[in-house]
1. What are the residues in the range 423-453 that are on the phi < 0 side of the Ramachandran plot, outside any strand (DSSP E or B), surrounded by fewer than 16 Cβ atoms within 10 Å (Cβ to Cβ) and not acidic (Asp, Glu), if any?
2. Across the range 175-205, what is the number of residues that are buried (at least 17 other Cβ atoms within 10 Å of the Cβ) and assigned to a helix (DSSP H, G or I)?
3. Taking residue 321, is it buried (at least 16 other Cβ atoms within 10 Å of the Cβ), modelled with pLDDT of 70 or more and either touching a Phe, Trp or Tyr at 6+ places or on another chain (Cβ under 8 Å) or under 26 Å from residue 445 (Cα atoms) (or both)?
4. Can you tell me which residue among 205, 159, 182, 163 is without any contact (Cβ under 8 Å) to a residue 40 or more places away in the chain, charged (D, E, K, R), in the same structural domain as residue 103 (by TED's automatic domain parsing) and farther than 26 Å from residue 89 by Cβ?
5. For residues in the range 402-430 being at pLDDT below 70 and hydroxyl-bearing (Ser, Thr, Tyr), which is farthest from residue 447 (Cα to Cα)?
6. Report, by residue number, each residue of the range 33-45 that is surrounded by fewer than 15 Cβ atoms within 10 Å (Cβ to Cβ) and either of a type outside the set (Lys, Arg) or modelled with pLDDT of 85 or more (or both).
7. Can we say residue 132 is over 13 Å from residue 113 (Cα atoms), at pLDDT 65 or above, exposed (fewer than 11 other Cβ atoms within 10 Å of the Cβ) and in the same structural domain as residue 228 (by TED's automatic domain parsing)?
8. Which one is modelled with the lowest pLDDT, of the residues in the range 92-123 that are assigned to a loop (DSSP other than H, G, I, E, B) and closer than 18 Å to residue 76 by Cβ?
Amino acid sequence: MRWVGWVLTWLLGMGLVLAGEESSGKPDRSESGRKGVVYVLPIRDDIMPPLVYVIRRGVKEAMAAESDILLLDINTNGGRVDVTEEIIEILGRFKGKTVAYVNTRAFSAGAFISVAAQEIYMAPQSVIGAAAPVMMSPGGTGVEKLPEAFEAKMTSAVRAMVRTQAEKNGHNIDVIEAMIDRTVKLEIDGEVLNREGSLLTLTDRQASKLYGDPARPLLSKGTEESIESLLGTLGHGTSEVVRVEPTGTERLGTWINAISPLLLIIGVMGLYIEFKTPGFGIFGIVGIVAFAIYFLGGYVAGLSAAGWMLVFVAGLILILVELLVFPGTLIAGITGGALVLVALVMAMVDVFPGGPAVPSLPDLRLPLRNMGLAMVGSMLLMAALATYFPRTSMYRGLVSETASGVESMAALEVEQADLMGRAGVSVSVLSPGGKARFGEELRDVISRGERIEKGRPVRIIGHSSTTLVVEEMVG
């Protein structure tokens, strides 16, 4: 069995290397990286969950390449506040310079994201503002008025979030609050820029107008014809520009991650039923496919490296070695189980280049919640299946079609009846599962719960599915 060790070592090593690439913090020291790289991220259309995956992917690539500037190309009417908050948190991971370029419009959530950048520039005839929270009508076909109490609560929460970003990046807080809260009046240098009952919206010229002493732009640092001209103004006209574009798989990743607990339950139950029935069939395939889709979701979302899939496979192999080759030793099974659990959790942990090797508790909260839901659901289903599944016609059909050397359920029952009372010797520790030899036959056996040491005489007293139930012979 030396080849098993070689395969496991290779799988585990490759998995940990690939998984570690995402969190190693070792930057890309390419020639272009030394000259200067600018990453352009699209904040386009509605701000919805798929955009989070695009932004996450872009920020991680920019961090790995040691990009000098993260440029947000913004043209949006807004979107969901929770998605906006997640995008702002991701942008905060980038340690370089962040610049927002309002390329036509930045309404509502688009204005929030603009404020999360250190500098704001605008295109000619572009606008920014009108950032009060609203509620979409059922089906997303229009906007409905929020109940007064709920509007006040939402406005307060949004103001706190955006105020934090404005303070951090040195933007005029009064301007930002006038965009969010219609009860705020904005007057600067004797000029009323916004009256109570209205939401502030600024054109590019208004946003870049100078106020105060010393004079400072109201919000925007200037108007630029294009991203190229803006890069020249920023001193990066000759830098390499990397434009991050949506791949089309982000929407798929959103759907997959929304059902990740269900995928875990399907995967666990598929493999559980496969172990309970002889041969290899549809349930094993369904379980493997469910786990593969689960890992695909994490990869598409930009959360996990592909290496965790290999770590998961290495863990499964160790569990199979425990069950089929060295039953009762526990070492392979415990190690394999630990690898499987770590891989399943880490597949949904958001790890950034240069981040800590061990995820923090907030990073683990969502993966652990999904894992907990999956474990509870799987245990409930296992208990139900253990009670009712063996009595179903489906189970009898599966056993009849897949049991090696057994033509039908009737033949299997005859064989099991003939084995009753047969004596043998345990060839592994039964705790409670393991293997025993009966004459020249090596069979999977299980005790009634007690531990039976290796080399003890045993007797068949029944069966559970296709596994023989034995007891230790005394005297």
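1. 448, 451 - these are the residues of the range 423-453 that are on the phi < 0 side of the Ramachandran plot, outside any strand (DSSP E or B), surrounded by fewer than 16 Cβ atoms within 10 Å (Cβ to Cβ) and not acidic (Asp, Glu).
2. Number satisfying all stated conditions: 7.
3. On the way: buried (at least 16 other Cβ atoms within 10 Å of the Cβ): yes; modelled with pLDDT of 70 or more: yes; either touching a Phe, Trp or Tyr at 6+ places or on another chain (Cβ under 8 Å) or under 26 Å from residue 445 (Cα atoms) (or both): yes.
Spelling it out, residue 321 is indeed buried (at least 16 other Cβ atoms within 10 Å of the Cβ), modelled with pLDDT of 70 or more and either touching a Phe, Trp or Tyr at 6+ places or on another chain (Cβ under 8 Å) or under 26 Å from residue 445 (Cα atoms) (or both).
4. Details: 159 fails: farther than 26 Å from residue 89 by Cβ; 182 fails: without any contact (Cβ under 8 Å) to a residue 40 or more places away in the chain; 163 fails: farther than 26 Å from residue 89 by Cβ.
After ruling out the rest, the residue left standing is 205.
5. 408
6. Going through the range 33-45, the residues surrounded by fewer than 15 Cβ atoms within 10 Å (Cβ to Cβ) turn out to be 34-35, 45.
Answer for the range 33-45, where residues must be surrounded by fewer than 15 Cβ atoms within 10 Å (Cβ to Cβ) and either of a type outside the set (Lys, Arg) or modelled with pLDDT of 85 or more (or both): just 45.
7. Working: over 13 Å from residue 113 (Cα atoms): yes; at pLDDT 65 or above: yes; exposed (fewer than 11 other Cβ atoms within 10 Å of the Cβ): no; in the same structural domain as residue 228 (by TED's automatic domain parsing): yes.
No, not satisfied.
8. 108
The values are calculated or read from the model by the stated rules, or taken from the named source; none is laboratory data. These numbers were taken from a predicted model, which means no experiment stands behind them. Counting neighbours? That spans all protein chains shown, and the Cβs are built from the backbone with ideal geometry, glycine included.
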